1. When you scan segment 267-301, how many residues do you find that are within 17 Å of Cys90 (Cβ to Cβ) and either free of Cβ contacts under 8 Å to residues at least 24 places away in the same chain or surrounded by 16 or more Cβ atoms within 10 Å (Cβ to Cβ) (or both)?
2. Answer with yes or no whether Asp189 is in contact (Cβ under 8 Å) with a residue 40 or more places away in the chain, exposed (fewer than 14 other Cβ atoms within 10 Å of the Cβ) and either farther than 21 Å from Gly11 by Cβ or aliphatic (A, V, I, L, M) (or both).
3. Would you pick out the residues in segment 322-350 that are among the polar types (S, T, N, Q) and assigned to a loop (DSSP other than H, G, I, E, B)?
4. Can you tell me which of Gly222, Gly240 is more than 26 Å from the chain's Cα centre (by Cα), on the phi > 0 side of the Ramachandran plot and surrounded by fewer than 21 Cβ atoms within 10 Å (Cβ to Cβ)?
5. I'd like the full set of residues that are of a type in the set (Val, Ile, Thr) and part of a strand (DSSP E or B), limited to segment 48-87.
6. Go through the residues of segment 203-223 one by one and say whether even a single one is touching a residue at least 60 places away in the same chain (Cβ under 8 Å) and over 20 Å from Leu24 (Cβ atoms).
7. I'm trying to understand the selection: among the residues of segment 128-152, which are surrounded by 10 or more Cβ atoms within 10 Å (Cβ to Cβ), over 24 Å from the mean Cα position of the chain (by Cα) and either of a type outside the set (Gly, Ala, Ser) or not in a loop (DSSP other than H, G, I, E, B) (or both)?
8. Give the residues of segment 153-168 that are surrounded by 15 or more Cβ atoms within 10 Å (Cβ to Cβ) and among the hydrophobic types (A, V, I, L, M, F, W, C), sorted by residue number.
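The values are calculated or read from the model by the stated rules, or taken from the named source; none is laboratory data. Given the structure is predicted, the values throughout are model-derived calculations rather than measurements. For neighbour counting, all protein chains shown are included, and Cβ atoms are generated from backbone atoms with ideal geometry for every residue, glycine included.
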Amino acid sequence: MFSKAYIPYGGYFSTPFARWQGTLATQNSIVLAAATAKSWLAGRNIDPGFFDYLNFGFTIPQHYGFYASPWAAAMMGAERIPGCIVSQACSTSTTCVYQAAMGLETGQYETAFNLMADRCSNGPHLVWPNPNGPGAQVESENWLMDNFGHDPWAKNAMIETAENVAAEAGFTREECDALTFRRYQQYADALADDRAFQRRYMVPVELRISKKKTVTFDADEGVMPTTAEGLASLQPVLPGGVHTFGSQTHPADGNCGIVVTTRDRARELSRDAKIETQVLSYGYARERKGYMAAAVVPAARMALERAGIGVKEVKAIKTHNPFAVNDLFLAKELGIDAHGFNNYGSSLIFGHPQGPTAGRCIIELIEELALGGGGYGMFAGCAAGDTAAALVVKVAGS
């Protein structure tokens, strides 16, 4: 259990998430994340040199990705701080916050910035040397689609892991569709009153299209209008399966940032010093191969145990749910209502840029708790390789 790591209230941001091959498809995600962070810091009157360290989380190779963390730090105005690259598939943001909290706990630094970004669009096509190939043939990899479709250890596609869990637990197509529609309704709540909830943390992105033209990207792109009837009309992705393209997430592009610091510095940086967010614990797990959707449960249990609380004490839960069965299984195993968490949206609906996905969910978790007067919150989500991670926070005051 952590005792020294705090997130300033409002000490975070997320861009909108863009659909695959959409508005952000040609942007270098490292450059865009640094520019977004620089603009956000200027708007908050925070000197980038205030930070001691940068965790840069990304999972999809970009040009000059070898230098991602120190390069991003310099571009956002913090030329003299070091940093590292964190890459743990869908758990990347969770692990960035965890690493920052560990640095605070051990006294390595007082203020860390976590910047997470990815561009699923226009993913790289990699060529690997194959010295034993006849005629000097090479091995190639379509980085995004090949890895979505094949785990080299479990020998299956990601959607197969969700279907394995659904079959073993006995979940039906109707349950997956009903949960997906509920998640869409929850996301719609974040759009109410001119997107009042999202405007609490979401920042627009300025994109230079040409020397004379700049456009503003300020709202999620790629969220499909959803009805119960529309979901019911879709065919399963796999024959006999329970998931359609409606009940799984879609690849996306975007970035987010989260400050982790001491209690005193968090108060200084907070937009409301009466609201305090403490990082309490982290959990992790790996399931048997081919059951990625189930890994969220032991990770959540570890985080709860380390925080010293039970799930009934948790006021708000957010998940990375690439498949509807993720939330159904978590709810069944923890004894909670599957339709009662992920208020204001989740990655099932607003998309999955990988690196920043969990970060946006953690940010929304904090805002939901602040609106509700505080309390314990938990984020949990699966990741490639049948793994998962979870984080417990406590928000006090309102």
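1. Number satisfying all stated conditions: 16.
2. Values: in contact (Cβ under 8 Å) with a residue 40 or more places away in the chain: yes; exposed (fewer than 14 other Cβ atoms within 10 Å of the Cβ): yes; either farther than 21 Å from Gly11 by Cβ or aliphatic (A, V, I, L, M) (or both): yes.
In short, yes.
3. Here is the first cut: in segment 322-350, the ones among the polar types (S, T, N, Q) are 326, 342-343, 346-347.
Residues satisfying the conditions are Asn342, Asn343, Ser346.
4. Values: Gly222 fails: more than 26 Å from the chain's Cα centre (by Cα).
Gly240 is the lone residue from the list that is more than 26 Å from the chain's Cα centre (by Cα), on the phi > 0 side of the Ramachandran plot and surrounded by fewer than 21 Cβ atoms within 10 Å (Cβ to Cβ).
5. Within segment 48-87, the subset of a type in the set (Val, Ile, Thr) is 59-60, 81, 85-86.
Residues satisfying the conditions are Ile85, Val86.
6. no
7. Start the filter on segment 128-152 by keeping residues that are surrounded by 10 or more Cβ atoms within 10 Å (Cβ to Cβ), which leaves 129-130, 133, 137-151.
When the remaining residues are screened for being over 24 Å from the mean Cα position of the chain (by Cα), the result is 129-130, 133, 137-141.
Residues satisfying the conditions are Pro129, Asn130, Gln137, Val138, Glu139, Ser140, Glu141.
8. First, the residues of segment 153-168 that are surrounded by 15 or more Cβ atoms within 10 Å (Cβ to Cβ): 154, 156-166.
Across segment 153-168, the qualifying residues are Ala154, Ala157, Met158, Ile159, Ala162, Val165, Ala166.
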